[in-house]
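> After the structure tokens below, expect a handful of questions from me.
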């Protein structure tokens with residue numbers, strides 16, 4: 001959820017014409033990351049959880065792409081994006097480790 005807060009903070013000062021563009025896209029993708037983790041955790045079987053972790057990872061990659069687009073468009077510079085990129089990288093490692101741990105388990 002730290003990544004969500006950081007993405008909201010970063011997009012807070014974006015131009016009004018980006019409200020329905022990048023601002024909306026990055027916020028939606030960022031919120032989707034923990035939401036998919038939570039929904040998957042609430043499922044009965046680990047196989048379902050893994051599927052939602054994969055969805056979460058897809059949203060995470062979407063956030064990373066949006067951050068790089070923001071930089072290329074000159075809306076923010078790399079130093080301003082560094083915290084969000086670092087959080088994203090850390091979360092990606094955590095998701096991979098959790099998926100690996102859950103994948104060999106069988107449904108009961």
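Quick note: the coordinates plus some simple rules give every number you see, no bench work behind them. Computed from a predicted model, the values in this text were never measured in an experiment. Because the Cβ atoms are built from the backbone with ideal geometry, glycine has one as well, and the counts that use them run over all protein chains shown.
> Which of (i) 14.5; (ii) 13.5; (iii) 19.3 is the computed Kirkwood radius over Cα pairs in Å for the structure on display?
Comparing each candidate, only (i) matches the computed number.
> Compute the long axis of helix 78-102 from its Cα atoms, compare it with the longest principal axis of the Cα atoms of the chain, and write down the angle in degrees, 0 to 90, nearest 10.
The two axes meet at around 10 degrees.
> In degrees, nearest 10, range 0 to 90: what is the angle between the Cα axis of helix 2-11 and the longest Cα principal axis of the chain?
20
> Given the peptides 43-51, 11-19, arrange them by the average over their residues of other C-beta atoms within 10 Å, most packed first.
Ranking, from highest mean packing down: 43-51, 11-19.
> Moving to a separate point now. Mind giving me the nanometre distance, one decimal, between the label points for residue 65 and residue 89, set 7 Å out from Cα along Cα→Cβ?
For residue 65 paired with residue 89, the spin-label model returns 2.1 nm.
> A follow-up question, please. Would you mind ranking 71, 89, 6 so that the residue whose beta carbon has the fewest other beta carbons within 10 Å leads the list?
With the fewest neighbours first, 71, 89, 6 line up as 89, 71, 6.
> For the chain, find the longest principal axis of its Cα atoms and tell me its angle to the long axis of helix 46-72, 0 to 90°, nearest 10.
In the chain, helix 46-72 runs at an angle near 10 degrees to the longest axis.
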